[in-house]
Structure formats: structure tokens, C-alpha cells
1. How about the stretch 379-454: which trypsin sites (Lys or Arg not before Pro) there are in a DSSP loop, with at most 13 other Cβ atoms within 10 Å of their Cβ?
2. Return the inverse of the average 1/r over all pairs of distinct C-alpha atoms in the stretch 229-395, which is the Kirkwood hydrodynamic radius, in Å to one decimal.
3. Send over the per residue convex hull volume for the stretch 406-512, Cα only, as a whole number of Å³.
4. Give me the lysines in straight-line cross-link reach of residue 66: C-alpha distance below 25 Å, same-chain residues under 8 apart excluded.
5. Which angle between 0 and 90 degrees, to the nearest 10, do you get for helix 104-123 versus the longest principal axis of the chain when only C-alpha atoms count?
6. Against the longest principal axis of the chain, how steep is helix 63-73, in degrees 0 to 90 to the nearest 10, with axes from Cα atoms?
7. Stretched out fully, how many nm does the piece from residue 234 to residue 69 gain, at 0.36 nm a residue minus the Cα gap?
8. Roughly how many nanometres apart are two label points built 7 Å out from the Cα toward the Cβ at residue 60 and residue 10?
Amino acid sequence: MLQTPTGPPAVRRAWRTAWPGALAGVAAAALGLGAAELGAGVLGRATTPVIAVGEAFIDRVPPWLKDLAVAWFGTADKAVLIAAVLAVLTLLSVGVGMLAVRHHAAGLAAAAGLGLVATLAVWTRPDATMTDLWPPALGTGVSVLALDWLTRRAAASEPPSNDRRAFVKASLIGVALATVSYATGRWLGLRRSSVEESRRGVGIDTDTPEPPTGADVGVDGAVPWQTPNPVFYRIDTALSVPLLRAEDWRLRVHGLVAREVTLDFDQLLALGLVERWITLTCVSNEVGGYLAGNAVWSGVRVADVLALAEPQPDADAVKSTSADGFTVGTPLAVLTDGRDALFAVGMNGEPLPVEHGFPVRMVVPGLYGYVSATKWVVDVELSRFDAFDAYWTTRGWSEQAPVKVSSRIEVPARGARVNAGRVPVAGTAWAQHRGIQAVEVRVDGGSWQRAQLGVVPSADTWRQWVWEWDARPGEHLLEVRAVTADGEVQTGALAPPPPDGATGWHQVTVEVQ
Ligand SMILES: Nc1nc2c(c(=O)[nH]1)N[C@H]1C(S)=C(S)[C@@H](COP(=O)(O)O)O[C@H]1N2
Ligand SMILES: [Mo]
């Protein structure tokens, strides 16, 4: 394929090592790039490494050159930018590969350097998060390993073995694999953008609702009563999030019903939206843990949707299924007892974030997420608990799981050093749909002291509390327990999360000086 040029022997010798180096360099860079773009696609990141490098470059060119590029290429400027980044990367990786066949370590270091530049470009994007660093880091690792491996193959294929075919084949397979990864990553990225576009278009944005006055007790370091979407905990089995456009979404209601019903997004909204503050908790939350969040949800009442289908009298469960096949079993009685169980479409005044179930998810006050809060819900089957097993019930968790009363100390933090005197002790307590009547704190096993409680709009949210402690020097143990509105005092008996939620009092040791 590649002719050895005629000419002086030194030139011939240089060419013999140069072209395999160049090929190895390009194949390795392509593999790294493919891995990075695939990673970005799977993670659903809008900023892929190639675009980040291009944008970082654009930020550094003089404005007249930028204007010229827009004038020349118009709306194709992004495509041109990507092509330019790929062309420059190809040239650089030719050089890196040629270096690697002569000075192995220096070549690998150069490849790592290229990866580092891409990683820094991603990091300096204004909207970058830690997650955005994974794809370029992965790509860097892949390209260095691939270069190491391919240049060894190249060296082994030199005289006396002279077997170039195996090396060329390996490189071409690498390039093919890289192309497929790159294309898959881009495809996922484009689908993600199209879903984000659908999200912006559903028209359920409202002003971010304010928490009721007095919901926050105003202690520095306490968890805010309302959880902003970006920091709301996320738990699901989805490796790459289901990407559904609201326009394509359908909800099928079937099973033990008088009539099967299928709703599209507009038909769902036409049933009427309500806005409710509801605290969501994960059954895996440990005593004192942070797998809980409180938001205002906009949604349609589940009972209204079920009524259209008319459940048969022998149905006792609703089996809901997500677009990616995750299943949840919820007692029908809970969904129809008058509480605000919702098919939610909005979260804190904006359309549901994709990670939190766009376009539609369930939220049921009083039940742990795994038995109620199906994200990306597309199918609802009226059924009987003895007729199916939901995703987590086949894995050792209970079929039914109402939230257990819980409380935690957030301030002072565990192991904190505080000054003697008045110290606010504060935190959160919850028993969704039952409500919190009291929170009590004790020091070093002494008598329980009543805390002051924050304001809540209903029994469906968590409740902040604060207690003024007159702290004396020394090491002290703080403990908290809550009492539900219906009179249950939180048990001190320790239990781990499986099979239906942790119990026990949260304890914090602090040092007073
Ligand atoms: N489709 C789907 N929905 C799901 C899950 C899941 O894995 N897949 N996890 C559930 C669990 S265990 C919890 S605690 C909540 C978490 O919701 P969040 O990620 O919006 O906080 O979603 C529930 N809904
Ligand atoms: Mo969960």
C-alpha cells in the first residue's frame, strides 16, 4: 500500500518507521476521541470534548476573525469548527505517533498532554461540572493505552519480521471502532438536545415558587427547606437516562379496568394541574443521611387518571413501568385515598429535569421512592400484588414501604468544635403524609428537650427544627427524635435500610471549648 520512496538509504529508513508511527498516532487519537464522545453522550452532556476545544479556541481568537468566520460559514460555523478541531487533532496525532515510535515515553507523554489540553478546555467552559471531566479523562486514558499498544505492534512488525499486515489491520480496526463510538456518542448527544428542546417547549415554566414564610428556621449550615433541582438527590437504575420527547410520550392505563385509556401529554395536562410541596425520600437513606429532597411539584392527580379507566373492585395494586422497563408496585388504596399522589410534569417551577423523569413521573406523599416515584413513567397497569413482582421486590426489598418517621441533626456537624454558650442545634424531620408534631433533642442521654419547629404547608413535607443549647465545655453527644402528628414517637432501635427503611436516632458528637 505505502510505497517506500526511492532515494538515499537514510531517507528510506526514516520513512519505514515514520508511516507506522503516524498511523498508530492517528488510530490512538481516534480511539481516545471516540471514547470521550461516547462517554459524553452516555452521560447526557451537552458539551462534548470536541465542541469544548473548539469553543475554548474561539474564545481566544480576535473578534474580527470570529466575525469573519460567521460571515463566511453562517449557520454552518459549528460544523466547520468541529471539522477544524478534528483536522488539527489529526495533524498533531501524526506527530505524536511519529515521536512515539522513536521515543516511546516522550510520545506517550505528548498524547497525555493532548488529552490534558482537551480536559482543560472542557473544565474552562462556563457551565462545566465535575461530571463533564469524565469523558475527556477517559479519552486521554484510552488514547495513551492505545498508542502504547499500537506502537509496540509497529515495532514488532519491523524487519526482520516485516509483518506489516497485522499492525495495519489492528490500526484500521481501531479507527473503525473509534468512528462507531464517535457516531454513537454524537447520536445520543443530538437526541439529548432534542429532548431538552422539547422540555423548553412544554410551557409549564412558572416563577420559582417561594417556600412558605417561616419554613426555614434561619440557622446557618442547615439544609434549605426547598431543595433546588440541581442538588436534588438522584437515584435510578438508568445507566444512560431515557430520552423521551413530550410530543412522543404516551401513558397507557390498562389491566383490571373497565376501559383501557391512553393519554398523550396534552390530554394529561387537560385534566388539570395542581401544585404541591412534597418531600421525596429513598428507602436506602441511612440514619442521618441525605437521600431526601423537598420540591414543589406540578402535576395531575393520579386518582383523576385512574378514574378515567375505572379500576375493577378486585384490583389492589398499580404496577407502573418506566420507558426503560423499571417497575414499581403501589397500593391502589394509597393512590385513591384523597392524598396528592401526582403524575408530575413540573419540579420547582420548571419542566421536570430529564434526570428526574421528564416528561412525566409519579410522586406519592408518604411512600419511599422505589414503591411510588416512577420516573419516565409510560405504563400503568391495575393489578394485584400477588400477580407481579416489582423491580426492587425481587431484590430483597419489601413489597410495601411507607416512609418511616426520621430526623437528623445538621448543625452543628459531626465532630464540630463550638464555643461554649448559646449554640443553635438544627436539622430536619419527616414523616410524609402523617406530619411532624414535635422534635426533641437530648444531650449526653439527659432528658428530652422540645425543639422549635418551622412552618409547613401540609403534612406531606419535611419540617425544620431548631433548639437553643446552652453548651458547656467538653465533649457532648447530641441525639434527636421526632413525634408524628398521629402520636408515634420515633424509635431508637437501630435498623439498617433493607428491607423497608432504616430506624434509630441520629447522634452527633461535638466538642465545646
Ligand atoms: N424509572 C425509574 N424510576 C425510579 C427509579 C428508577 O431506578 N427508575 N428509582 C426510584 C427510587 S429508588 C427513588 S428513591 C426515586 C428517586 O427520585 P429522584 O432521582 O428524582 O430523586 O426515584 C424512583 N423512581
Ligand atoms: Mo430509592
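Where a number appears in this text, it was derived from the coordinates with a stated rule and is not lab data. What you are looking at is a predicted structure, and each value in this text was computed from that prediction instead of being measured. Cβ atoms come from the backbone with ideal geometry, glycine included; neighbour counts cover every protein chain shown.
1. Qualifying residues, ordered by number: 414.
2. Result for the stretch 229-395 stands at 15.8 Å.
3. Dividing the Cα hull volume of the stretch 406-512 by its residue count gives 96 Å³.
4. Candidates past the 8-residue exclusion: 78.
5. Between helix and principal axis, roughly 40 degrees.
6. 80 degrees
7. Additional length available on full extension: 55.3 nm.
8. 3.6 nm
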